[in-house]
Amino acid sequence: MSIANSGITNAVVPVAGLGTRMLPATKSQPKEMLPVGKRPVVQYVIEELDRNNFQRVLFITGANKYSIENHFDPDPVLTRHLRETGKEELLEELEFERSQLHFFYTRQKTQRGLGDAILHAEEFSGTQPFAVALGDSILGRNSQSRALSHMAELFTTQKCAAVVAFEEVPLEDVSQYGIAAADKMPAPGEQFVVRDIVEKPTRDEAPSQLAVAARYIFGPQIFPALHHTAPGKGGEIQLTDAIRALVHNGEKVLGVRLPQSDTRYDIGNFEDYFKTFVEFALFDEKYGPALRQHVRQLLEQENA
Ligand code: UTP
C-alpha cells in the first residue's frame, strides 16, 4: 500500500524551536537551516516527505525563521542569473524547488514546546490523520527513507490513534528522549504495541532503551490529548505526554523500530551535528574522496 492508498497526504514540520543547545550558531539563523554536507537539514526532511508522496506540508515556524520560507520559494532571479552567466550546471542544485508539495506556514509565537507546536496544526489537518517530521532530524544518509509510508500504512490498516518511530539509544542517553515501554525489544524494522511512554526518564525509571525518533503519524485524537496536557518537563507542553494520554485512554498506539538504513541523525546538539556533518561529507560523491584523504592525514599527524 502506498501513501496515496493510506489516504494520508498532510505533513507537519515543526521548526519553531529556539535551538539554544546550538548557540552561537543559532543566534540569528534557524538550526534547521544549518548545512549537513551540501544541503540545509530541513531540505533533507522535505525531500523525504516528497519521496513519500505527501502533498501538503505545514511548517510551524517562529521568529528568525524566514530563511526557511525563502529556501523553498522558487527564485527566478537566481535561476536567470545562473543561466546568463553560463552556470547551468548549478541549476541542478536547485532541483528541489520544483517539488510538487504545497507549503503552508503558521507561527508559534511562544516556544512552549513541541506539543504546543503541534497544536498549531489543528485547523490545517482538521479531522484528517497527518504525519509529523521534526525539522531538525534527518532519517537515513540518502533521504530515501520509506519509514513514514510504512507507518502511514500501519496507521490505516490497524486503525491506530498514533504510530511513532523509535530507535535504540545507549542507556546513558535515555534521559534526553521520550522512552517507550514494549512487551519485548523489537527487531529493527519491526512494529510493536506502545504500552507506555515516558518523557526524559532517569536511567532507573526508563522502561526500555527505545527512544522516540522524530517521525510520527497522528489521528485527530492527538489534539484533545494535547489540549489536556499540562506543561511537563522544562515547563513545556510535551508531545510525549499527550501520546502517553492516548495510551492510558486505551487508544491503539503502535511503535516502529527504525531499520539500520533509516538511522536518525539529530541536528539539535553539537556532538551529533558534528558527527552527522562529517559522515555526510565523507560520503559525498564529489568531495568525499579528497576529504577522506585529508582526515586520514590529520589523524596520522595526531598519532605520530
Ligand atoms: P528541540 O526539542 O530540539 O527543542 O526541538 P529546541 O527548542 O529547538 O532546541 P533547544 O532545546 O533549545 O536546543 C525539536 C523540534 O521541535 C521544534 C524544533 O524546531 C525542532 O525541529 N520545536 C521545539 C518547536 O517547533 N517549538 C517548540 O516550542 C520546541
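The values are calculated or read from the model by the stated rules, or taken from the named source; none is laboratory data. It should be emphasised that the depicted structure is a prediction, and the values quoted were computed from it without experimental measurement. Note that we place each Cβ from the backbone using ideal geometry, even for glycine, and neighbour counts take in every protein chain shown. Remember, those area values only see protein heavy atoms, side chains included, never the ligands or the DNA or RNA. Shrake-Rupley method; radii C 1.70, N 1.55, O 1.52, S 1.80 Å.
GNM on the chain, alpha-carbon springs under 10 angstrom: the most fluctuating residue among Ala162, Ala214, Ala152 is Ala214. At a probe radius of 1.4 angstrom, the accessible area of the chain per residue rounds to 50 square angstrom. 3J(HN,Hα) along segment 291-304: 5, 4, 4, 4, 5, 4, 4, 4, 5, 5, 4, 5, 7, 5 Hz, from the Karplus curve 6.51 cos²θ - 1.76 cosθ + 1.60 with θ = phi - 60°, whole Hz, x for Gly and Pro.
For segment 120-163, the extents of the C-alpha atoms along the principal axes are 33, 27, 11 Å, listed from largest to smallest.
When the solvent-accessible area of the chain is split by element, carbon and sulfur atoms take up 50 percent of it, the probe being 1.4 Å.
By the helix-only formula, in which each DSSP H run with n ≥ 4 contributes -39500 (n - 2.57) and the sum is divided by residues, the chain has a 222 nm mean residue ellipticity of -9000 deg cm²/dmol. Backbone N atoms of segment 160-189 closer than 12 Å to the 7 Å Cα→Cβ label point of Arg203 belong to residues 170-175. Qualifying trypsin sites (Lys or Arg not before Pro) in segment 104-142, where qualification requires a DSSP coil assignment and no more than 12 other C-beta atoms within 10 Å, comprise Lys109. Rounded to the nearest 20 debye, the dipole size of the chain about its Cα centre is 340 debye, using +1 on the Cβ of Lys and Arg and -1 on the Cβ of Asp and Glu. Once the chain from Leu282 to Leu78 is taken as fully extended at 0.36 nm per residue, the excess over their C-alpha distance is 70.6 nm.
Taking amide H positions as modeled 1.01 Å from N, with prolines and chain starts lacking one, the residues under 5 Å from Gly178 and 5 or more places away or on another chain are Lys200, Val212. Shown is the FRET efficiency for Lys184 and Arg21, computed with R0 = 41 Å from the Cβ-Cβ distance and rounded to the nearest 0.05: 0.80. Count the DSSP beta bridges whose two residues both fall in the chain, then state the antiparallel fraction as a percent rounded to the nearest 5. The antiparallel fraction comes to roughly 55 percent. Residues considered: Gly113, Gly288, Gly17. Largest GNM mean-square fluctuation over the chain, using C-alpha springs under 10 Å, is found at Gly288.
Derived scalar couplings between HN and Hα for segment 97-103 equal 5, 8, 4, 8, 5, 9, 9 Hz in order, rounded to whole Hz, by the Karplus curve 6.51 cos²θ - 1.76 cosθ + 1.60 (θ = phi - 60°), x for Gly and Pro.
Of the trypsin sites (Lys or Arg not before Pro) found in segment 23-98, those in coil by DSSP whose Cβ has at most 11 other Cβ atoms within 10 Å are Lys27, Lys87.
In this entry, segment 129-207 is assigned a mean projected area of 6.1 nm², taken as a quarter of its C-alpha convex hull surface. Counting every Cα pair in the chain, what percent are over 34 Å apart? Tail of the P(r) past 34 Å holds 21 percent of the pairs. Checked against a 21 Å cut-off, the cross-linked pairs Lys27/Lys286; Lys159/Lys200; Lys184/Lys252; Lys38/Lys275; Lys38/Lys286; Lys65/Lys286 give Cα-Cα distances beyond that limit for Lys27/Lys286; Lys159/Lys200; Lys65/Lys286.
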